[in-house]
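Chemist: One structure is given below, represented as structure tokens, and several questions about it will come after.
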Amino acid sequence: MKNLCTLVMILIISSMITSCGKEEIMYTVNFETSQGSLIEELQVKEGTIFDDLDNITTTRDGYIFITWYLDETLQIEVYDDYPIVSDIVFFAKWEVVPDMITITFNLFDDEYIEEELIIEKGSTINPNRLPIPTRIDYIFDGWYLNDSFLVEVYSTFVFNMDRELCAKWIYDGEIIDEPDEPVVVHDYFENDNVFLNIEENKVFTENTYYFDLVVDDENDRLFVSGQIVYVNDEMDFDELYLKIYPNADNNSINEYNVNFSFLKVNDIEYSVKYSGGDDTTIYLDLEETLYEGETFIIDFEYYFTYWDHGRIASIDSIYYSLFFYPFVAMFDEDTGWQIDNYSFLGESYYNKIGDYYVSLRVPKDYLVAASGAIIETIDGLDYDTFNMYLENGRDFSFSTSINYNLYQKEIEGINYSIYSILPLSNPDKVYSFEYLSDAIAVYEDYVGEYYYDYLNLEYGYVYGMESSGVVYCSYEINETTVVHEVIHQWFYSMIGNDQSNFAFLDEALTTYINYAYFYEIYGVNSSIEYLESKNSRAPEMINFYNRYYGISLLKKVDEYEGNAGYAYVVYSHGCSMFRYYVDEFLDGDDEVFKTFLREYYNQFNGKEVTLDEFLLLLETSTGVDGTVEWFELMLSSLGSFIRRP
């Protein structure tokens, strides 16, 4: 018995010695904060659960911390009781802090609802969830985007800035617009609706266009009635030049294609006399001075016959209506009025940003692809009327046909509509929507925010043409062409330039930065392949290079030798010039050029830019001395690129 007790004691003591000699196992925990504030590595015991870890808070300016993940691709989230049984790295996930904007509600006479609505920039609002105010003796009739009460808040409208919504009221069955002012009703407008009524004392801050349009499919004519409210921010004018492009060709039996019933400036009627080499200029010797800082009103009514080609044409059941309306020619203190002829080769349209209210009557069952958002459609017995609104547009255009096939899709808050003269296969539909949405995403990243919550694409008989909010491309679908025209929403539409004299500014730049789409969507090899297709010194281009050697890249578009010469000089050699500059002057650093594009957008979106302003900003942004001098030298004479001037 004594020996047994001794044996038990020995076993117990041995077990205690063994236990005391066992070391604790420790593991190293690191945190990859992805540009957040650093967290020191931790040493923790084996089996410690994640929720027990201390001091693992990280912050990052402009971002919200979401949670930790086990993998770098952020696919496997860490759960609270996750045990640590080895050395490990946790990865932080962040989300950008959204920009917020404020929506205020003006009841009437600048009396506001006390509560404001704070929403994320780029959001839409369901009108049914907006406040419903009350007012003695009045019936609330909806919230409108401004105090002209023409455009009611609609569910797909994207709010990108602080905005004041205005309440509309009905009193005793009569619509009363607040503030209480009469409206101007144009008795010469054909389309009988209130969409084009204008508040008499409305204050205008930018040029505003009101168009009443009727497509006459029996005679291939467009009847145009309208009013332009022009904000004169330039100088006192005793004369005025208007441009009217449908007169550039004449497919009618009349002396001139455009036939005015009247043309008035501030209620003074003027006789219409055409001038210029192609009769697209109207000169007015004004009876009253138009003073700087004031607005003036241009009223007009006319019709024209569609051409059988080009961009103001009737082609196989499609009515193309680009540049169909009169506009005030641009004025420069140094060079005077910009009254170049209409160009069938490139573009010559040059105008300021403006708002467009358009009521368009088309034959029954016709569809309309247009610059503006379609606010409402009014069904008639023999025709339909489309009321459209375009905010901050460089121009307004439309095409209409009974043979369009319509495809629509909403992607990332933008409503895309495709109007195709031919039915699209399922792959073509998928690819086309991808071309549009991918291009918008890439260039919002590279340049800046797209203005609208919609984009329309027309597949028909125009090979490639841009307009605010809509692009026109051939029914023979080409990805590069579609993307190129989408980029023009930035360079031409949001940032304007003199396209007749400086096509390089929008066409060469647009052609070059097409590479970004192919880089982001398909990879570096695809972007290189694209740029090589535009290489002006490629073996297949040598004949063009020799032919146009020494030519200026700053000629008027109509001065080039036809489409081939214009395309080579501006699209190929101009693109190659930008590529050389980035490769040689910026050491191939696309991020530096990307930074310039963003600064370019921030400084000039909604404005017009000159070549001098563009080059100066490029030199300032990149920090490369001699940029201006180098481009001026290269643009003056087509030839080999040199490293430094």
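Chemist: List the helices (runs of 4 or more DSSP H) that sit entirely inside the range 518-590 and contain at least 2 residues that are within 22 Å of D438 (Cβ to Cβ) and without any contact (Cβ under 8 Å) to a residue 12 or more places away in the chain. Talk me through it step by step, then tell me what you get.
Modeler: Working: elements: 524-533, 542-548, 562-566, 574-580.
Correct list: 524-533.
Chemist: Can you pull out every residue in the range 338-351 that is over 18 Å from G565 (Cβ atoms) and either touching an Asp or Glu at 6+ places or on another chain (Cβ under 7 Å) or not in a loop (DSSP other than H, G, I, E, B) (or both)?
Modeler: Q338, Y342, Y349, Y350, N351
Chemist: Scan the range 389-417 residue by residue and report those that are within 16 Å of the chain's Cα centre (by Cα) and in a loop (DSSP other than H, G, I, E, B).
Modeler: R394, D395, F396, S397, E412, G413
Chemist: Quick one: how many residues across the range 474-483 are within 25 Å of E559 (Cα to Cα) and either outside the structural domain of V430 (by TED's automatic domain parsing) or assigned to a strand (DSSP E or B) (or both)? Before the answer, list the steps.
Modeler: First pass over the range 474-483, keeping only residues within 25 Å of E559 (Cα to Cα): 481.
Filter once more, so that each one left must be either outside the structural domain of V430 (by TED's automatic domain parsing) or assigned to a strand (DSSP E or B) (or both): none.
The qualifying residues number 0.
Chemist: Also, I was wondering about something else. Residues V471, V486: which one is of a type outside the set (G, A, S) and either assigned to a helix (DSSP H, G or I) or within 20 Å of M330 (Cα to Cα) (or both)? Steps first, please.
Modeler: Numbers: V471 fails: either assigned to a helix (DSSP H, G or I) or within 20 Å of M330 (Cα to Cα) (or both).
Only one candidate passes the filter, namely V486.
Rundown of residues vs (1) touching an Asp or Glu at 6+ places or on another chain (Cβ under 8 Å); (2) farther than 18 Å from F323 by Cβ; (3) among the β-branched types (V, I, T), yes/no style:
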{"position": "F223", "(1), (2), (3)": "yes, no, no"}
{"position": "K243", "(1), (2), (3)": "no, no, no"}
{"position": "N250", "(1), (2), (3)": "no, no, no"}
{"position": "Y256", "(1), (2), (3)": "yes, no, no"}
{"position": "Y274", "(1), (2), (3)": "no, no, no"}
{"position": "T280", "(1), (2), (3)": "no, no, yes"}
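Chemist: Are any residues in the range 259-279 out of contact with any strand residue (DSSP E or B) (no Cβ under 6 Å at 6 or more places or on another chain) and either part of a loop (DSSP other than H, G, I, E, B) or exposed (fewer than 12 other Cβ atoms within 10 Å of the Cβ) (or both), and if so, which ones?
Modeler: D267, S271, K273, G276, G277, D278, D279
Chemist: As an exercise: evaluate Y256 against (1) farther than 20 Å from K352 by Cα; (2) out of contact with any helix residue (DSSP H, G or I) (no Cβ under 9 Å at 6 or more places or on another chain); (3) not in a strand (DSSP E or B) and give the number of the one condition it does not meet.
Modeler: Result: Y256 passes all but (2).
Chemist: Conditions: (1) modelled with pLDDT of 95 or more; (2) surrounded by fewer than 17 Cβ atoms within 10 Å (Cβ to Cβ); (3) hydroxyl-bearing (S, T, Y). Y209 meets all but one. Number of the miss?
Modeler: (2)
Chemist: Looking only at the range 487-517, count every residue that is within 10 Å of the chain's Cα centre (by Cα) and more than 16 Å from D395 (Cβ to Cβ) and tell me the total.
Modeler: 1
Chemist: A follow-up question, please. Every residue in the range 333-366 that is farther than 18 Å from L390 by Cβ and among the aliphatic types (A, V, I, L, M), please.
Modeler: Listed by number, the residues that qualify are I339, L345.
Chemist: Provide a single number: the residues in the range 43-69 that are out of contact with any Gly (no Cβ under 8 Å at 6 or more places or on another chain) and crowded, with 16+ Cβ neighbours inside 10 Å. So that I can check it myself, show each step before the final result.
Modeler: To start, the set of residues in the range 43-69 that are out of contact with any Gly (no Cβ under 8 Å at 6 or more places or on another chain) comprises 43-57, 61-62, 64, 66-69.
Filter once more, so that each one left must be crowded, with 16+ Cβ neighbours inside 10 Å: 44, 48, 50, 53, 68-69.
Residues flagged as out of contact with any Gly (no Cβ under 8 Å at 6 or more places or on another chain) and crowded, with 16+ Cβ neighbours inside 10 Å within the range 43-69 amount to 6.
Chemist: Inside the range 328-337, can you point out the residues that are β-branched (V, I, T) and outside any loop (DSSP other than H, G, I, E, B)?
Modeler: At the first step, the residues of the range 328-337 found to be β-branched (V, I, T) are 328, 335.
Across the range 328-337, the qualifying residue is only V328.
Chemist: From the residues in the range 614-635 that are of a type in the set (S, T, Y) and surrounded by 18 or more Cβ atoms within 10 Å (Cβ to Cβ), which one is nearest to Y492 (Cα to Cα)?
Modeler: Going through the qualifying residues, I end up with S621.
Chemist: Any residue at all in the range 325-340 that's at pLDDT 95 or above and under 30 Å from L422 (Cα atoms)?
Modeler: Within the range 325-340 (the criterion being at pLDDT 95 or above and under 30 Å from L422 (Cα atoms)), the answer is yes, since at least one residue qualifies.
Chemist: I would also like to ask the following. Just need a number here: residues in the range 227-245 that are crowded, with 17+ Cβ neighbours inside 10 Å and over 26 Å from the mean Cα position of the chain (by Cα).
Modeler: 4
Chemist: Let me ask something additional. Among the residues of the range 433-441, is there at least one that is outside the structural domain of S552 (by TED's automatic domain parsing), aromatic (F, W, Y) and not in a strand (DSSP E or B)?
Modeler: Yes, the range 433-441 contains a residue that is outside the structural domain of S552 (by TED's automatic domain parsing), aromatic (F, W, Y) and not in a strand (DSSP E or B).
Chemist: Just one of the numbered conditions (1) at pLDDT 70 or above; (2) surrounded by 14 or more Cβ atoms within 10 Å (Cβ to Cβ); (3) touching a Lys or Arg at 6+ places or on another chain (Cβ under 9 Å) is not true of R135; which one?
Modeler: Condition (3) is where R135 drops out.
Chemist: Please specify each residue of the range 587-609 satisfying the condition of being within 21 Å of E234 (Cβ to Cβ) and buried (at least 16 other Cβ atoms within 10 Å of the Cβ). Before you say what the answer is, go through the steps one by one.
Modeler: Of the residues in the range 587-609, the ones within 21 Å of E234 (Cβ to Cβ) are 603-609.
Listed by number, the residues that qualify are F604, N605, E608, V609.
Chemist: Of the residues A369, A373, A313, only one is within 26 Å of I414 (Cα to Cα), surrounded by fewer than 24 Cβ atoms within 10 Å (Cβ to Cβ) and either touching a strand residue (DSSP E or B) at 6+ places or on another chain (Cβ under 9 Å) or at pLDDT 95 or above (or both); which?
Modeler: Working: A369 fails: surrounded by fewer than 24 Cβ atoms within 10 Å (Cβ to Cβ); A313 fails: within 26 Å of I414 (Cα to Cα).
So the residue among A369, A373, A313 that is within 26 Å of I414 (Cα to Cα), surrounded by fewer than 24 Cβ atoms within 10 Å (Cβ to Cβ) and either touching a strand residue (DSSP E or B) at 6+ places or on another chain (Cβ under 9 Å) or at pLDDT 95 or above (or both) is A373.
Chemist: If you scan the range 295-319, which residues turn out to be under 17 Å from Y270 (Cα atoms) and without any contact (Cβ under 8 Å) to a residue 60 or more places away in the chain?
Modeler: none
The values are calculated or read from the model by the stated rules, or taken from the named source; none is laboratory data. This is a predicted model, so every value here is computed, not measured. Ideal geometry is used to build each Cβ from the backbone, glycine not excepted, and the neighbour counts take in all protein chains shown.
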